[in-house]
Amino acid sequence: MKKIIAIAIFVLAGVSFAQAQKVAKMEFKSETIDYGEIKKGSDGVRVFEFTNTGDAPLVIEDVKSSCGCTVPKKPEEPILPGKTGQIEVKYDTKRVGPIRKTVTVYSNAEESVKALKIKGSVVDSETDGDDS
């Protein structure tokens, strides 16, 4: 009988613990930023906007890019449940050519590693056919 009571208490404690666990969740407005066609030397700063749709504070631990030409900036403070945050991305528009980069977000969210994309094309504004 004591074994049954001990097992019942253990099971009830486990259920209570599972219900008490709160989790942060990141929901992005868009997981891809499309620069489109952008002129060389233009402002390369764009923003990924997200909301913490979970019930625990969201902590962005790190944000890394797939190359040195893309510099991400993470929020320093936790994002409370229901609140929005931003991850700023600056692409070096001095480089002419296609943009295909990944920005990886590391956090305490339910999906702890999230890959975001930037795409587009940097064109040389000096070579637009005006050779007069």
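Run down ILE79, ILE118 and say which single residue is in contact with a Gly (Cβ under 6 Å, 6 or more places away or on another chain) and among the hydrophobic types (A, V, I, L, M, F, W, C).
Details: ILE118 fails: in contact with a Gly (Cβ under 6 Å, 6 or more places away or on another chain).
After ruling out the rest, the residue left standing is ILE79.
Determine which member of the set THR70, THR51 is modelled with pLDDT under 95, farther than 11 Å from SER107 by Cβ, crowded, with 16+ Cβ neighbours inside 10 Å and out of contact with any Cys (no Cβ under 9 Å at 6 or more places or on another chain). Break it down stepwise before answering.
Values: THR51 fails: modelled with pLDDT under 95.
Sole residue among the options that is modelled with pLDDT under 95, farther than 11 Å from SER107 by Cβ, crowded, with 16+ Cβ neighbours inside 10 Å and out of contact with any Cys (no Cβ under 9 Å at 6 or more places or on another chain): THR70.
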Show me the strands (runs of 3 or more DSSP E) found entirely inside segment 17-98 where at least 1 residues are acidic (Asp, Glu). 26-28, 32-39, 45-52, 60-65, 84-91
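Quick grid of which residues meet (1) surrounded by fewer than 18 Cβ atoms within 10 Å (Cβ to Cβ); (2) modelled with pLDDT under 95:
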| residue | (1), (2) |
| --- | --- |
| LEU80 | yes, no |
| GLY85 | no, no |
| VAL89 | no, no |
| VAL105 | no, no |
| ALA115 | yes, no |
| GLY120 | no, no |
| SER125 | yes, yes |
| ASP128 | yes, yes |
Selection count where residues are in contact (Cβ under 8 Å) with a residue 40 or more places away in the chain and closer than 14 Å to PHE50 by Cβ, scope segment 60-78: 2
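The values are calculated or read from the model by the stated rules, or taken from the named source; none is laboratory data. Here the structure is a predicted model, which means the values were calculated and not measured. Glycine gets a Cβ as well: all are built from the backbone with ideal geometry, and neighbour counts include every protein chain shown.
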